[in-house]
Amino acid sequence: MKRKAREKKIEKIGISDIIIIFAGCVLYALSIVLFISPNNIAPGGVIGISTLINYTFDFLPLGTMSLILNIPLFIWGFVVLGWKYLSRSVICTGISSVLIDLFNFVIDLGYIRPYTGDGLLVSIFGGLFCGAGLALIFYRGGSTGGTDIVARIMHEKTPHISQGNFMLSVDALVVLVSAFVYGNIENALYAIICIFVMSRTIDTILYGVSRNNGKLLFIVTSKYDEVTDTILRRVDRGVTLLKAEGGFRRDDKRVILCAVRSNQVHLTNQLVHQIDPEAFAIVTTANAIKGRGFYSYDESPNPAVHESLDVSSTDAENTQQNS
């Protein structure tokens, strides 16, 4: 029993997960210490608040402050959301906070130097590094805590308010406050550019060059009711149940059809495996998905994707299920 429990624990976060998450934390920490913090840019969220506090009280370590501010949010999230949702976020936050203070210590020793040149370059490359790091972390189901947790909790309490809108409101408030703390409106404007570049980088890495693409999952399982309910609640994606017949035993089966974003594939596969280890899943790339959660039908398709499709393939894609 103990061995099975250990194996199940290893399956939840494997070696590849650890490597990708750690690489993401390294990129994220480097973006903070090399570009964002030295140039007085507060990119929203808890790290933005920590940057403002570190600027006002420079004896307080930036990474430590970020970790301290996240602790009450983790406790709140544990009570409302449970440990399963927070486990990787706690790990990512701890690693990134330690790396931020470690890199700052290396900078103090003079081994590396932060870039303090042109503000536009700082905003662009700070956003690129930070976005790439966060994308790797998100890809493996983690987060850096902060407003991600609060947004998820608020969405549970008030489903009509999207998580994205809530996080955008918090980021805007932090950027506004930074203009008063730094006494310079340019720093707030650079922060807006940094946040924009960061968000576009995350979207490009996770979703590809087109916002209307994603992954299509075909899941064959005998526990389709439980799997369907879990995908609806945990992944927040719609599903379609297809009637099927087993080729060998000629028995009736159900195939779950589900369209998800690229960063949701790992979580979906993990949840399916936890419910039914014998489940059979096929993951394929969908170049164009229309419907709720993706592009709406009145939006123009991505030109590069649209031009590469012939008439027959376009018609087939327009019949995809709304998820």
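The values are calculated or read from the model by the stated rules, or taken from the named source; none is laboratory data. Since this is a predicted model, take the numbers as computed values, not measurements. Because the Cβ atoms are built from the backbone with ideal geometry, glycine has one as well, and the counts that use them run over all protein chains shown.
Kindly indicate whether Pro43 is modelled with pLDDT of 90 or more and closer than 22 Å to Tyr115 by Cα. When the stated conditions are applied, Pro43 does not pass them.
The residue that is farthest from Ser37 (Cα to Cα), counting only those in the range 54-79 that are touching a residue at least 60 places away in the same chain (Cβ under 8 Å) and surrounded by fewer than 15 Cβ atoms within 10 Å (Cβ to Cβ), is Trp76. Just to be sure before I move on: is Leu102 assigned to a helix (DSSP H, G or I), farther than 19 Å from Leu206 by Cβ and of a type in the set (A, V, I, L, M) in the structure I sent? Against the criterion (assigned to a helix (DSSP H, G or I), farther than 19 Å from Leu206 by Cβ and of a type in the set (A, V, I, L, M)), Leu102 qualifies. Being at pLDDT 85 or above and in a loop (DSSP other than H, G, I, E, B), is that true of even one residue in the range 135-155? No, the range 135-155 contains no residue that is at pLDDT 85 or above and in a loop (DSSP other than H, G, I, E, B).
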